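Before any comments, here is the structure.
The values are calculated or read from the model by the stated rules, or taken from the named source; none is laboratory data. This structure is a prediction, so every number in the text was calculated from the model and none was measured. Note: ideal-geometry Cβ built from the backbone for every residue, glycine included; neighbour counts use all protein chains shown.
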Amino acid sequence: MSTDFKPQRQGSVKQITSHSNPIVKEIKGLVAQRKHRRDSGLFVAEGLKLATDAMEAGWGVRYLAIGPEGRENKMALEAAAKAKARGALILEVNNAILSGLTRRDNPQMVVGVYEQKTLPLRAIDPDQSKTWVCLDRVRDPGNLGTIIRTADAVGASGIILIGETTDPFAVEAVRATMGSLFHMPLVRCSEQEFISFRKSWPGPVVGTHLRGDKDYRDVDYKEPVLLMMGNEQAGLSDELADACSDLVKIPQEGQADSLNLAIATAVMLFEVRRTHLKL
């Protein structure tokens, strides 16, 4: 989605008070529709922490909307100054505009529009890798965002999104990452591309699966590791399960038939981390 208001190279400031402003409409479109995010290569992230994380990590910023509270906050003003220095258009807006941009009654003081960043499989260097989390057709943006945050917490190398996954740049996913999106490399690929890539992987490829014949604590997680986690309903596809060197189960008690995907991924990641700390 495009607009006539393009930021100048040195950045600029614009006051906006109308919900019908083209830039406001553009940002709302980025929040509401994946197609707009895909076509523009942009996405929306809310809050001062995420704005600060994005600046520190060097992500491209297109717009930074700052509300009345933000214009009285030292850190928010510093973030706006950095964004402007990088060519962003700074939007001075009221709380009603902020609320409309984020579809929240109590909006945060800063809303940013950033350039998406993903990598191809060929960018992964096994010799420089620890653990890559490989997600097969993950559907829930909250799950994806939580997994990205957890992967960051354990020092994983990045996330590989396989097949038709939910959008990591959807507002719900971005919120759930709590800023970790800006620190975790994201790779997108098809199932066949991943299977071809896996053939030359020098380390273990461990997947959780109902037909797993090992306890997840009984596997050698020698780096570099590919940790395979399946779709929320269907689990790993048969093709991806066959590509694993080990299929494991997380033992359970009680009546629940499965764990939430984000919880299961956290269990696995912290076991991998525990194993590495003991080496």
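Where residues in region 104-115 are surrounded by fewer than 17 Cβ atoms within 10 Å (Cβ to Cβ) and modelled with pLDDT under 95, which of them is nearest to residue 175 (Cα to Cα)?
104
Name the pairs: first residue in region 68-89 and in a helix (DSSP H, G or I), second residue at pLDDT below 95 and of a type in the set (S, T, N, Q), Cβ to Cβ under 6 Å, at least 6 apart or on different chains?
Between residues of region 68-89 that are in a helix (DSSP H, G or I) and residues that are at pLDDT below 95 and of a type in the set (S, T, N, Q), the close pairs are 79/52.
Would you check if there is a residue in region 169-190 being touching a residue at least 24 places away in the same chain (Cβ under 8 Å) and farther than 19 Å from residue 43 by Cβ?
Yes, there is a match, as at least one residue in region 169-190 is touching a residue at least 24 places away in the same chain (Cβ under 8 Å) and farther than 19 Å from residue 43 by Cβ.
Here's a check for you: in region 197-241, which residue that is among the acidic types (Asp, Glu) and touching a Leu at 6+ places or on another chain (Cβ under 9 Å) is farthest from residue 124 (Cα to Cα)?
Within region 197-241, the match that is farthest from residue 124 (Cα to Cα) is 213.
Taking region 81-103 as the region of interest, how many residues are under 25 Å from residue 32 (Cβ atoms), within 26 Å of the chain's Cα centre (by Cα) and surrounded by 14 or more Cβ atoms within 10 Å (Cβ to Cβ)?
11
Can you pull out every residue in region 56-73 that is within 21 Å of residue 14 (Cα to Cα) and either surrounded by fewer than 23 Cβ atoms within 10 Å (Cβ to Cβ) or in the same structural domain as residue 168 (by TED's automatic domain parsing) (or both)?
60, 68, 69, 71, 72, 73
Any idea which of (1) more than 27 Å from residue 265 (Cα to Cα); (2) in contact (Cβ under 8 Å) with a residue 40 or more places away in the chain is the one residue 147 doesn't satisfy?
Against the list (1) more than 27 Å from residue 265 (Cα to Cα); (2) in contact (Cβ under 8 Å) with a residue 40 or more places away in the chain, residue 147 comes up short only on (1).
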